[in-house]
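Chemist: Take this structure first; my questions come after.
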Amino acid sequence: MNKIKRTSRIFRIFFLTLIILLPIFSAIYWFFDGLIPNMFSFMWSQGNTDIRLPPLNELKPHIRIFCFLISMIPIGVYIFVLRYGMKLCKLYESFKIFTMENVQYYKKIGYTLLIGKLVLYPIYEALITLAQTYYNTPGERYISISLDSWDFTVIFFAVMFIFMSWVMGEGVKLEEDKKYTV
Amino acid sequence: MAIIINIDVMLATRKKRSKELAEAIGITEPNLSILKTGKAKAIRLSTLDAICSFLECQPGDILEYRS
């Protein structure tokens with residue numbers, strides 16, 4: 001039991017660290033280009049790379065601020081997911097492993113990822129490409145919406161989370177029925 | 001739920017204690033408490049049989065439907 005408590009606490013602290021670091025990394029990415037390796041910027045990348053986007057160092061300061069604010073859309077989604085992850089870890093720390101509360105958090109993670117990818121991410125991509133190409137010559141301004149393999153991976157995991165939460169919910173109901181049968 | 005469990009009433013009528021009933025029918029006191037407080041979702045026929053046998057009553061004396 002102590003192992004569960006200790007591991008959950010480590011993960012909770014890790015998730016909290018990510019919640020704090022993600023907006024900071026994004027700010028560094030947009031304001032001090034080149035300082036953050038690409039591996040950290042996959043969540044708020046510049047958008048569709050098939051269109052000609054100006055290099056980061058050519059963006060005007062107010063466009064960088066806009067881009068940073070727009071990047072808070074996908075980061076916000078991940079912050080919500082991490083927050084639910086923290087709440088799950090908190091439940092595990094108090095040895096609540098198989099309860100309806102856990103099921104609700106799994107479901108929330110699934111729906112947040114799904115809505116984030118299907119609704120919010122296209123809005124983000126449209127806005128981020130528009131912001132970056134706003135000062136391009138007429139005919140070179142873009143609004144882009146795309147789907148790549150990473151998007152399908154996230155959608156797949158979101159659906160898996162929703163499915164798992166449903167199965168777990170049914171399991172909890174069966175367990176409660178068994179518990180309250182005298 | 002509209003089903004009321006009247007074990008307390010029957011125990012008082014028969015002048016028996018919850019502990020005695022729990023021991024006689026082979027369930028734990030917390031489980032008997034679940035039954036008495038109406039938290040139970042189901043009752044086994046074997047449990048009902050043992051309760052009726054111990055309290056010398058009919059199932060209808062223990063279970064009551066109120067709309």
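The values are calculated or read from the model by the stated rules, or taken from the named source; none is laboratory data. Quantities reported herein were computed from a predicted structural model and do not represent experimental measurements. All Cβ positions, even for glycine, are placed from backbone atoms using ideal geometry, and neighbour counts span all protein chains on display.
Chemist: With segment A:94-182 as the region, which helices (runs of 4 or more DSSP H) entirely inside it contain at least 1 residues that are over 17 Å from A:Ile70 (Cβ atoms) and out of contact with any Cys (no Cβ under 7 Å at 6 or more places or on another chain)? Spell out the reasoning first.
Modeler: Values: elements: A:100-115, A:121-133, A:149-179.
Correct list: A:100-115, A:149-179.
Chemist: Of the residues B:Ser33, B:Ser18, B:Ser46, which single one is exposed (fewer than 13 other Cβ atoms within 10 Å of the Cβ) and of a type outside the set (Lys, Arg)?
Modeler: Values: B:Ser33 fails: exposed (fewer than 13 other Cβ atoms within 10 Å of the Cβ); B:Ser18 fails: exposed (fewer than 13 other Cβ atoms within 10 Å of the Cβ).
Of the residues listed, the single one that is exposed (fewer than 13 other Cβ atoms within 10 Å of the Cβ) and of a type outside the set (Lys, Arg) is B:Ser46.
Chemist: Also: Considering every residue within segment A:107-115, establish whether at least one is over 28 Å from B:Thr28 (Cβ atoms), of a type outside the set (S, T, N, Q) and over 14 Å from the mean Cα position of the chain (by Cα). Can you show your working first?
Modeler: Applying the first criterion (over 28 Å from B:Thr28 (Cβ atoms)) to segment A:107-115 yields A:107-115.
Subsequent filtering for residues that are of a type outside the set (S, T, N, Q) retains A:107-111, A:113-115.
Pick out the ones that are also over 14 Å from the mean Cα position of the chain (by Cα) and you get A:107.
Within segment A:107-115 (the criterion being over 28 Å from B:Thr28 (Cβ atoms), of a type outside the set (S, T, N, Q) and over 14 Å from the mean Cα position of the chain (by Cα)), the answer is yes, since at least one residue qualifies.
Chemist: Could you check segment A:137-158 and list, in sequence order, the residues that are free of Cβ contacts under 8 Å to residues at least 60 places away in the same chain, within 20 Å of the chain's Cα centre (by Cα) and surrounded by fewer than 13 Cβ atoms within 10 Å (Cβ to Cβ)?
Modeler: Correct list: A:Asp148, A:Ser149, A:Phe152, A:Thr153, A:Phe156.
Chemist: Is it true that B:Ala24 is among the small types (Gly, Ala, Ser) and touching a residue at least 40 places away in the same chain (Cβ under 8 Å)? Show your work before the answer.
Modeler: Numbers: among the small types (Gly, Ala, Ser): yes; touching a residue at least 40 places away in the same chain (Cβ under 8 Å): no.
When the stated conditions are applied, B:Ala24 does not pass them.
Chemist: Also: List every residue pair whose Cβ atoms lie under 7 Å apart, where the two residues are 6 or more positions apart in sequence or sit on different chains, the first residue falls within segment B:32-52 and is facing chain A (nearest Cβ under 7 Å) and small (Gly, Ala, Ser), and the second residue, located anywhere, is surrounded by 15 or more Cβ atoms within 10 Å (Cβ to Cβ) and part of a helix (DSSP H, G or I).
Modeler: B:Ala40/B:Ile34
Chemist: Moving on to the next point. If you take the residues in segment B:21-30 that are crowded, with 18+ Cβ neighbours inside 10 Å and within 10 Å of another protein chain (Cβ to nearest Cβ), which one is farthest from B:Ala50 (Cα to Cα)?
Modeler: Residue satisfying both the conditions and the ranking: B:Ile27.
Chemist: Then there's this: Looking at A:Tyr134, A:Tyr121, A:Tyr106, can you tell me which residue is more than 30 Å from A:Gly169 (Cα to Cα) and in contact (Cβ under 8 Å) with a residue 40 or more places away in the chain?
Modeler: Values: A:Tyr121 fails: more than 30 Å from A:Gly169 (Cα to Cα); A:Tyr106 fails: more than 30 Å from A:Gly169 (Cα to Cα).
On inspection, the qualifying residue turns out to be A:Tyr134.
Chemist: Can you tell me which residues in segment A:140-162 are modelled with pLDDT of 95 or more and of a type in the set (Gly, Ala, Ser)?
Modeler: Within segment A:140-162, A:Ala158 is the sole residue that qualifies.
Chemist: Follow-up question, since we're still on this one. Looking at segment B:6-59, which of its residues are among the β-branched types (Val, Ile, Thr), farther than 10 Å from A:Val182 by Cβ and over 9 Å from the mean Cα position of the chain (by Cα)?
Modeler: At the first step, the residues of segment B:6-59 found to be among the β-branched types (Val, Ile, Thr) are B:7, B:9, B:13, B:25, B:27-28, B:34, B:37, B:43, B:47, B:51.
Now narrow it down to the ones that are farther than 10 Å from A:Val182 by Cβ: B:7, B:9, B:13, B:37.
Once the filter is applied, which keeps residues that are among the β-branched types (Val, Ile, Thr), farther than 10 Å from A:Val182 by Cβ and over 9 Å from the mean Cα position of the chain (by Cα), segment B:6-59 yields B:Val9, B:Thr13, B:Thr37.
Chemist: Determine if segment A:172-180 includes at least one residue that is touching a strand residue (DSSP E or B) at 6+ places or on another chain (Cβ under 8 Å), surrounded by fewer than 17 Cβ atoms within 10 Å (Cβ to Cβ) and of a type outside the set (A, V, I, L, M, F, W, C). Let's see the steps before the verdict.
Modeler: Going through segment A:172-180, the residues touching a strand residue (DSSP E or B) at 6+ places or on another chain (Cβ under 8 Å) turn out to be A:177, A:180.
Next cut, surrounded by fewer than 17 Cβ atoms within 10 Å (Cβ to Cβ) only: A:177, A:180.
Now restrict to residues that are of a type outside the set (A, V, I, L, M, F, W, C): A:177, A:180.
For segment A:172-180, residues touching a strand residue (DSSP E or B) at 6+ places or on another chain (Cβ under 8 Å), surrounded by fewer than 17 Cβ atoms within 10 Å (Cβ to Cβ) and of a type outside the set (A, V, I, L, M, F, W, C): present.
Chemist: Another one. Identify all residues within segment B:17-32 that are in contact with a Leu (Cβ under 9 Å, 6 or more places away or on another chain) and among the polar types (S, T, N, Q); write none if there are none.
Modeler: Scanning segment B:17-32 gives a single hit, B:Ser18.
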